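The block underneath contains the structure these notes are about, expressed in structure tokens.
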Amino acid sequence: MKLASLMHGRDGRLVVVSQDLTRATDAFPVVPTMQAALDDWDRHAPRLADLAVSLEHGAVPSFRFHEHDCAAPLPRAYRRLVAAGSDEAPKPARSDAALGPREPVRARDENAGLLVEAGFAVVTGDVPADVGQTQASAHIRLVMLACSVKLQNLAAGDGRRIADLALEQAYSFSPVVVTPDEIGVAWRNGHIELPLLRQINQQSPQRGDTGGAGDAASLIARAAWGHALGAGTIVATIVPIAQDQPLRFGDTVRIEMKDAASHSIFGAIEQEILPAG
């Protein structure tokens with residue numbers, strides 16, 4: 001099943017998207033938003049899956065799906081945790097202002113060294129405290145691509161380094177989120193065994209891992225140590241993209257992943273770097 005949030009209000013308008021990403025149908029008859037679906041997943045997911053089947057068969061009203069119309073899947077998530085590879089524990093990051101996948105990144109200073117990181121993220125249901133790694137995978141509801149743009153050289157006025165949270169200029173996710181079964185055999189132990197395509201401007205796409213050999217179940221178990229995680233928690237694994245030089249205003253970043261048949265799984269994150277204001 002593939003889902004997206006179209007731009008509408010503060011929390012988006014949930015739609016079910018066809019497997020080839022060309023058509024969509026409103027999920028409103030079932031549930032209006034992504035977060036509402038996650039809050040009662042066991043009840044809503046089977047009905048959304050039925051809607052997805054009906055969409056593929058042309059049995060429900062549909063409309064042309066455009067990735068430019070998408071907000072972030074969860075425009076204001078309750079919690080976002082980010083790990084830089086599989087060996088790091090996920091750390092809290094801002095979660096209330098995710099950009100849409102085609103919205104420009106507004107940066108304060110192109111001379112501060114703009115770097116881009118990319119990988120993948122999972123969205124959880126309710127996760128009990130101290131869940132084991134084996135059980136954690138059962139709480140993964142959705143999977144998506146993740147992107148973050150950071151300032152490399154920003155420092156506080158007194159010379160102290162500003163925390164990573166302040167260095168992040170913007171973060172975003174793929175237009176479409178998918179249930180793990182949509183990824184098929186490439187989804188193994190909470191990791192996507194497909195290359196992540198990363199491109200800056202017109203350069204040839206880099207083919208890289210989805211953020212280290214990260215196991216999403218392991219990261220969820222670490223994050224839930226000592227306390228529960230609420231439905232809609234985002235756990236991301238991202239790593240830097242190789243850059244010849246820092247990004248400048250006018251540069252464009254594109255992140256995508258394709259299946260074995262070269263079909264886009266999540267749609268593309270494609271964002272231009274522009275000055276703030």
Charge tally in the Cβ shell below 10 Å around Leu229, where Lys, Arg are +1 and Asp, Glu are -1, Leu229 excluded | 0
Charge dipole of the stretch 175-277 about the Cα centre (unit charges at C-beta), most positive-ward option of Gln199, Ala223, His263 = Ala223
Each label sits 7 Å from Cα toward the beta-carbon; between Asp181 and Asp20 the label points are separated, in nm, by 2.2 nm
Value at 222 nm in deg cm²/dmol, rounded to 500, when DSSP H runs of n ≥ 4 in the chain each add -39,500 (n - 2.57) = -3500 deg cm²/dmol
Measure off 7 Å from each Cα along the Cα-to-Cβ vector at Ala260 and Ala89, then give the distance between these two points in nanometres to one decimal.
-> 3.9 nm
Taking 7 Å along the Cα-to-C-beta vector as the label spot, tell me the Leu274-Ala228 distance in nanometres, rounded to one decimal.
-> 4.2 nm
For the chain, find the longest principal axis of its Cα atoms and tell me its angle to the long axis of helix 41-56, 0 to 90°, nearest 10.
-> 80 degrees
Determine one quarter of the surface area of the Cα convex hull of the chain, which equals its mean projected area, and express it in nm² to one decimal.
-> 14.8 nm²
Any chance you could run the full-extension gain for His68 through Asn111? It's 0.36 nm times the residue separation minus the Cα-Cα distance, nm to one decimal.
-> 12.6 nm
What the 10 Å binned alpha carbon P(r) of the stretch 175-270 shows, as percent of pairs per bin from 0, is 13, 42, 31, 14, 1
Residues Trp225, Trp41 arranged by fewest to most Cβ contacts within 10 Å | Trp225, Trp41
Sort the following peptides by mean Cβ neighbour count (other Cβ atoms within 10 Å, averaged over residues), highest first: 120-128, 43-51.
-> 120-128, 43-51
Compute the length gained on full extension between Glu56 and Arg43: take 0.36 nm times their separation in residues and subtract their Cα-Cα distance, giving the result in nm to one decimal.
-> 2.5 nm
Treating only the Cβ atoms of Lys and Arg (+1) and Asp and Glu (-1) as charged, compute the dipole magnitude of the chain about its Cα centre; round to the nearest 20 debye.
-> 360 debye
Ranked from highest to lowest mean number of other Cβ atoms within 10 Å per residue, what is the order of the peptides 4-11, 135-142?
-> 135-142, 4-11
Order of 95-101, 61-67 by packing, highest average Cβ count within 10 Å first?
-> 95-101, 61-67
A chain fully extended from Arg248 to Gln203 at 0.36 nm per residue, minus the present Cα-Cα distance, gains in nm 14.7 nm
For the chain, give the share of DSSP beta bridges that are antiparallel, in percent and rounded to the nearest 5; count only bridges with both residues there.
-> 90 percent
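Quick note: the coordinates plus some simple rules give every number you see, no bench work behind them. Everything numeric in this text was worked out from a predicted model, so none of it was measured. Cβ atoms come from the backbone with ideal geometry, glycine included; neighbour counts cover every protein chain shown.
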